[in-house]
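See below for the structure under consideration.
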Amino acid sequence: GDRIGLEEAAFIAARDGFYQATVSETGWPYVQFRGGPAGFLKVLDDQTIAYADFR
C-alpha cells in the first residue's frame, strides 16, 4: 500500500484544516471539518496521522 513520504509529510504539516469523513452502518455519510493552527496535524510514522481536536 501507499506510505506517507517526506513530501507528503511536509504538505500535511503545513495544513490548517482537513475534512474527515465516515459512513454509518446504514450507509449515511458524516463529514466534519477539523481545523487549527498550521502544524496541528502530525505525521507519526509512514502510516499514521494524528491531530489535536480544537473544539
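Sort 10-23, 33-46 by packing, meaning the average of other beta carbons within 10 Å per residue, with the highest value first.
33-46, 10-23
Only helical runs count toward this figure. For the chain, summing -39,500 (n - 2.57) over DSSP H runs of n ≥ 4 and dividing by all residues gives -4000 deg cm²/dmol at 222 nm. Rounded to the nearest angstrom and listed largest first, the equivalent-ellipsoid semi-axes of the chain from its Cα gyration tensor are 22, 16, 8.
Measuring nothing but how far apart in sequence close Cα pairs (under 8 Å, 6+ apart) lie, relative to its length, the range 6-51 scores a relative contact order of 37 percent. Amide H contacts for Ile49 (H built 1.01 Å from N in the peptide plane; partners 5 or more residues away or on another chain; cut-off under 5 Å): Leu44.
Bear in mind these aren't lab numbers, they're just calculated from the coordinates by the rules spelled out. Since the model is a prediction, treat every value here as computed from it, not as a measurement. Positions of Cβ are backbone-derived with ideal geometry, glycine not excepted, and every protein chain shown enters the neighbour counts.
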